Amino acid sequence: MAKPPLKRRHILKIVALTVFGTLVAWYLSALLSFAGNSYGFNNRFSEIALTHHWWYLVWSNLVVLKGYLLVAVVYVILIYPLVRLWGKARVFRRWGVVWRTLLFACLLYGFFIFKLMLEKPYFGDYSYLLGWYDALGRVGGTTVQGMVHGLITQVFPICAMAAAVGFYLFEIRNWFARAARPMLFSSAAVLGALGLLAVSGYGLNRTSGEDEVLHGAKKRPKNIVILGSDSLRADHLSCNGYHRTTSPNIDKLAEKGVNFARCLTPIASTLESLTTMFSSQYPHTHGVRHMFPNRAMVDTANREAPSLGEMLQQRGYDTAVIGDWCACGFNELPMGFKDVIVSDFDNFRVYLSEVVFLHHQILPLFFDNRAGHMLFPKLKSFANYMTPEVVTDQVIDRLKQRAEDDKPFLIFGYYSCTHLPYKTPTHYAKLWTDPKYDGPHKHELALNVDQFIGGTDINEKWSKLPPKEVAQITALYDGCVRMFDDSVGRVVAEMERLGMMDDTIILITGDHGDDLFEPNCTFGHGTTFNGGDQANHVPMIMHIPGVEKPQRHEQLARTIDFAPTLLELLNVPAQPRFEGTSLAPVIRGGREKLGLAFFGETSYLFFRRKIPGEEPLFIPPMDETTFIDPDFDFHFVLKDKFQDAVLKTKEYCVRTERFKYVRTPGKHHPIERLFDLNEDKHCERDVKKQYPDVKARLSAALDKWLTTQQQSTTQEIYGILGEDMIEPQPANPAPTTTSTAP
């Protein structure tokens, strides 16, 4: 005699217990993974975390439980009807419910893993699960691959939701079968389900009446939109001659706008560089000279440094900075921006939270979205979670608000797209990487954190990187550039739709560039002037209403010149304490050459420098020189006893269009080098002996800048003939007197 089928409530109970048991096992495995990795770290900060912040780590692991609970509830809601529908075709008992529940749970897990690996492959190496997908692309082409992608990411979730919704509607209809107007209720429920599908975003494009309306352009004071990406190299944009098409949207702006192709930042480190950019003051003027300032330094800069944002606020402008974790410095140094909508990343407890959250796979799988960010607000502070799309959406929302109220505005949208370790969704990462590459840098530059913060000799290892590894890392970086370019494209398209292009200045730039294994360099930025200009060279591409013909300028410009330039273009007087020079006369055609020279300094020295035959100064590793200041919101702060040491290890540079002079602190004496950039763009050959007079002139200009804060123009340095007419000194020349570096 056949056994009767299980009752509904029994099936629901078994499904729920199976799902909850699976999630409990998942949570426990995450805890074990976290515990194992935590005790495997080998730097002083991990010791501090485990010794003094263990309770915060425990609490962070407990907070994640609400995510597991929510996932369990949703899994039960989705799996229960599927098991019930299967039971109508074939009767099964308790264990049949269990294994079918596990099967559907695995299918759901596989779906989200597939989606995660396409969007954010750097969360884990699941290439063994996606090998078939890559093979499909090679055999059937991108069209077939795209069809399969749509089937899995669009059709599958719609069908699953439709099946679940249909099941529950049928159940509800049975419950209300005797109620009045059952058909009316069912119709309303179906419409509600369709509305749920639309809100979910699967397969449906969300539009609104507002999105169909084009706001007519109105005459008003010019607005400013600045879009920047951390570590964005100007020489990796296709509009600047790069061999890959990395920046089609930026290229369109350059084709009709103004491109200063040789723009340099005085310091290649985010906090100091952005402070310089918006204050138009050099680091040794505004006082933020490394990335680990204490509260007193920050308070002084906030109190005394002028800012572009503050000046425009005084004239009625709406000012906002919108960014991800790379923009976190604006929380402490807002630079005159009234609204600071950025992540809070530069905080030890945020780092601890990220370490915890990264071990709980449910977070990137299910909660890396707007709803998840509401449930877990800290996700917006993490480098792995705050995507460019989120920043772009916020910038566009702000633009729509200003289109409605017609208020003039300054918006700075700042992205981490091109920052180390060069993480991108799969379709960007695969643009230029070798499909056969299977090394450690497949999805990102693989960097050991312990070695980075706990040692100073990491450069030695990375300097021996094989060419194929360098090519892979460079290709990943270029994919990151395209990702930022797509964000620019979205913002510009929205501005065109809103009719803002005729009264808004757009500036595309970066805080600094990045070393990509140029001669005598490895990775990173702000530690050396070796290799050329790559770490300080940033884009300065502008869309300026009223500029009818495209302009490309090869003369030197500096990020310190941004604020006075933008103010003059708005017909706003410059701040007297600005140290930058307005480039507006060049843009308007009044002056052809300004003769600006570049003055720069390095930031915190993470690596030991190597100069053949010399002994440069160095400092201990970061985990010895910094501490976590509980009175400054748990920020990393440089210890007082290392303040002078960090300044004494700074390299300084004066660069004109042809020559570049670098002064490096040495153990026994200052190390002076001179490079002729016309012949040696990667700064590999020191020519100070061939051009002793040039070295003396640039050294004197550097001394003047450091001691009196006065900049020299190229004419003041070289005289009326300029540097182009300078010839090398013949062999065995008479002794030449040069200035002595302090």
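Please give the peptides 426-433, 707-714 ranked by average Cβ packing (other Cβ atoms within 10 Å per residue), highest first, as a rough proxy for protection.
Details: 426-433: 18.8, 707-714: 14.8.
In decreasing order of mean packing, 426-433, 707-714 become 426-433, 707-714.
Amide H to amide H under 5 Å from D318: which residues, 5+ apart in sequence or cross-chain, H placed 1.01 Å off N in plane?
F409, L410
With the cut-off at 23 Å, report for the stretch 634-736 the share of all Cα pairs above it, as a whole percent.
Distances greater than 23 Å cover 36 percent of the Cα pairs.
Per residue and in Å³, how big is the convex hull formed by the alpha-carbon atoms of the stretch 269-423?
116 Å³
Rank these residues by their accessible area, most exposed first, probe 1.4 Å: L365, L28. Please report the intermediate quantities before stating the final value.
Working: L365 15, L28 90 Å².
Correct descending sequence by accessible area is L28, L365.
Considering the Cα trace of the chain, what is its radius of gyration and what is Dmax, both in angstroms?
Gyration radius and largest Cα-Cα distance of the chain: 29.3, 115 Å.
Please list 351-364, 549-562 highest first by mean number of surrounding beta-carbon atoms within 10 Å per residue.
My ranking of the peptides, most packed first, is 351-364, 549-562.
So what is the diffusion coefficient of the stretch 489-539 in µm² per second by Stokes-Einstein at 20 °C and 1.002 mPa s, using a Kirkwood Rh over Cα pairs?
D, rounded to a whole number, is 162 µm²/s.
Amide H of K688 versus every other amide H placed in the peptide plane: which residues, excluding those fewer than 5 positions away on the same chain, fall under 5 Å?
So K688 has HN proximity to L674.
How would you rank 515-525, 367-377, highest first, on the average number of other Cβ atoms within 10 Å across their residues? Numbers along the way, then the final one.
Values: 515-525: 21.2, 367-377: 15.4.
The most tightly packed comes first, giving 515-525, 367-377.
Please list the equivalent ellipsoid semi-axes of the stretch 335-423, computed as the square roots of five times the alpha-carbon gyration tensor eigenvalues, in descending order and whole angstrom.
So the three semi-axes of the stretch 335-423 are 27, 15, 12 Å.
So, with a 1.4 angstrom probe, what is the percent of accessible area on the stretch 257-370 that is carbon and sulfur?
Working: 1550 of 3160 Å².
The C+S portion of the solvent-accessible surface of the stretch 257-370 is 49 percent.
Roughly how many whole Å is it from the C-alpha centroid of the stretch 392-439 to that of the stretch 312-362?
Cα centroid of the stretch 392-439 versus Cα centroid of the stretch 312-362: 15 Å apart.
Give the accessible surface of the stretch 283-438 per residue, rounded to a whole number of Å², with probe radius 1.4 Å and ligands, DNA and RNA excluded. Numbers along the way, then the final one.
Details: 5610 Å² over 156 residues.
The answer is 36 Å² per residue.
The values are calculated or read from the model by the stated rules, or taken from the named source; none is laboratory data. What you are looking at is a predicted structure, and each value in this text was computed from that prediction instead of being measured. Here Cβ is always computed from backbone atoms with ideal geometry, including for glycine, and neighbour counts include all displayed protein chains. Protein only, heavy atoms only, side chains kept; ligands, DNA and RNA dropped before computing areas. Shrake-Rupley method; radii C 1.70, N 1.55, O 1.52, S 1.80 Å.
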